[in-house]
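One structure is given below, encoded as C-alpha cells.
The values are calculated or read from the model by the stated rules, or taken from the named source; none is laboratory data. These numbers come from a predicted model, not from an experiment. No Cβ is skipped: glycine too gets one built from the backbone with ideal geometry, and neighbour counts run over all protein chains shown.
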Amino acid sequence: MKTLRTVAIVGVGLIGGSIGLALRKWRPAVDVVGVGRSPKRLKIAEDCGAVTSWSTDMAEALAWADLVVVCTPVDRIVEDVRRAAEHCRPGTLITDTGSVKQPIVEALDEGLPGDCRFLGSHPVAGREKSGIAHAKAKLFKNRPAMITPTENTRAEDAGRLRAFWESLRANVYEISPAEHDEILASTSHVPHVVAAALAAAIPEGFSGYAGTGLASTTRIARADAGLWMPILLANRANVAKALERFETQLAALRASIQAGDGEQTQRILALAQGRAEALRNAE
C-alpha cells in the first residue's frame, strides 16, 4: 500500500482541524497541509499544531499531497473536490467528510481530472461549536467513520482510506451512499431538527426557569444554522421519512397523555428508556 507522506486538508475548521491534530498526534511523520481562504484562520491552525504548513493557493498546497480531505460544507464539497483534482498529481485519492453522501458521490464517482479518484467518507463525530478553536485530536476516537465505496471504487483506495481513519482511532464501516443517508437521517439529522424545533417552541421568557435537562436536550440546536441547512436539504427525502416516524411516536405519546392513559404513557416512556440506554451503551 502506498506510503502516506502528505495529507492536504481543504477547510481547516472543527473537523479538518481535528483531523490535523489527530494526524500530528498519532502519525507525526505525515506532513499536514492546510488549505483555505482565510490566512488568519490558517495561521491559527498552524499555531495550534493542526497543520505543518498552509496556503490559500490550492495549486501550491496540493502539489505533493498523497491524500486530500475536503472538509467544507456539504453544498460546497462537489465544487471543491473538482477544483482540488485540477491541482493534484495524477491518480491522487480525494475524500470528504460530509454528513450527506449520495448526491456527492453520484456527482464525483467518475470523470475527475488527472485520473484523480474520489471515495466518500464521513466521520460521525462533532460538537455543537464550530471552528478550529474547538478542534481536538481525540474527536474521532472510538467514533464511527463511514466510507462509501461504489462499483467503481478500487479496492486499493478503500483499503487506504480505511487505514487512514483507523489511524485516527475511528471505527470504520463500509456502507453504500444510499444506506448512509438513510441511517444518518434517523441518527443525526432528525435529532438536530427535533432539538431545533423544541428550542424554537420554548416561549420567550421561560428559559431562565429551565433546569439542566432542557439545555442538554437542545444542546445540538446551538450548532451553526448555516452549516445545517444544506445538510437537511441535501438529505430531505430521508429526513422527511424519519420525521414521519418521529411524528407518529410523538402523536401517540401526546394522545395517551391527553387521555390520561397512564398505562400507555408508561409503555411508550419505557420503550424510549430502553432505546436511550442502548444509545448510551454504544458510546
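If the condition is being farther than 16 Å from Val193 by Cβ and not aliphatic (A, V, I, L, M), then the range 214-259 contributes Ser216, Arg254, Ser256, Gln258. Considering only the range 230-253, state which residues are of a type outside the set (Val, Ile, Thr), surrounded by fewer than 12 Cβ atoms within 10 Å (Cβ to Cβ) and farther than 30 Å from Pro73 by Cα. Residue satisfying the conditions is Ala251 alone.
The set of residues in the range 127-161 that are assigned to a loop (DSSP other than H, G, I, E, B) and buried (at least 20 other Cβ atoms within 10 Å of the Cβ) comprises Ala135, Ala137, Leu139, Phe140, Pro149. Any chance the range 240-249 includes a residue that's in a helix (DSSP H, G or I), polar (S, T, N, Q) and without any contact (Cβ under 8 Å) to a residue 40 or more places away in the chain? Yes; the residues of the range 240-249 include at least one that is in a helix (DSSP H, G or I), polar (S, T, N, Q) and without any contact (Cβ under 8 Å) to a residue 40 or more places away in the chain. Kindly indicate the residue of the range 31-62 that is in contact (Cβ under 8 Å) with a residue 40 or more places away in the chain and over 21 Å from Lys136 (Cβ atoms) and also surrounded by the fewest Cβ atoms within 10 Å (Cβ to Cβ) among those meeting that condition. So the residue we want is Met58. With respect to the conditions (1) surrounded by fewer than 24 Cβ atoms within 10 Å (Cβ to Cβ); (2) aliphatic (A, V, I, L, M); (3) farther than 22 Å from Glu86 by Cα; (4) modelled with pLDDT of 95 or more, Met1 falls short on a single one, namely (4). It is to be established whether one or more residues within the range 10-23 are at positive phi, in contact with a strand residue (DSSP E or B) (Cβ under 8 Å, 6 or more places away or on another chain) and modelled with pLDDT under 95. No, because not a single residue in the range 10-23 is at positive phi, in contact with a strand residue (DSSP E or B) (Cβ under 8 Å, 6 or more places away or on another chain) and modelled with pLDDT under 95. The set of residues in the range 250-283 being in a loop (DSSP other than H, G, I, E, B) and closer than 29 Å to Ser130 by Cα consists of Ala282, Glu283. The set of residues in the range 188-217 being at pLDDT 95 or above and either aromatic (Phe, Trp, Tyr) or closer than 26 Å to Met146 by Cα (or both) consists of Ser188, His189, Val190, Pro191, His192, Val193, Val194, Ala195, Ala196.
For (1) closer than 20 Å to Thr187 by Cβ; (2) assigned by TED's automatic domain parsing to the domain that holds Ala22; (3) modelled with pLDDT of 95 or more; (4) not acidic (Asp, Glu), each residue gets a yes or a no:
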| position | (1), (2), (3), (4) |
| --- | --- |
| Cys88 | no, yes, yes, yes |
| Asp96 | yes, yes, yes, no |
| Lys101 | yes, yes, yes, yes |
| Pro113 | no, yes, no, yes |
| Cys116 | no, yes, yes, yes |
| Ala125 | yes, yes, no, yes |
| Ala133 | no, yes, no, yes |
| Ala137 | no, yes, yes, yes |
| Phe140 | yes, yes, yes, yes |
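When the test is whether a residue is more than 16 Å from Val70 (Cβ to Cβ), buried (at least 24 other Cβ atoms within 10 Å of the Cβ) and assigned by TED's automatic domain parsing to the domain that holds Ala158, Ala22 passes it.
From the residues in the range 108-126 that are of a type in the set (Gly, Ala, Ser) and assigned to a loop (DSSP other than H, G, I, E, B), which one is nearest to Glu179 (Cα to Cα)?
Across the range 108-126, the extreme among qualifying residues is Ala125.
Would you confirm whether any residue within the range 178-186 is touching a strand residue (DSSP E or B) at 6+ places or on another chain (Cβ under 7 Å) and within 30 Å of Val68 (Cβ to Cβ)? The answer is yes, given that some residue of the range 178-186 is touching a strand residue (DSSP E or B) at 6+ places or on another chain (Cβ under 7 Å) and within 30 Å of Val68 (Cβ to Cβ). Scanning the range 72-88 for residues that are crowded, with 20+ Cβ neighbours inside 10 Å and either in contact (Cβ under 8 Å) with a residue 60 or more places away in the chain or touching a strand residue (DSSP E or B) at 6+ places or on another chain (Cβ under 6 Å) (or both) yields Thr72, Val74, Ile77, Asp80, Val81, Ala84. Here is a check on your reading of the model: is Ala84 of a type in the set (A, V, I, L, M) and over 23 Å from Arg222 (Cβ atoms)? Spelling it out, Ala84 is indeed of a type in the set (A, V, I, L, M) and over 23 Å from Arg222 (Cβ atoms).
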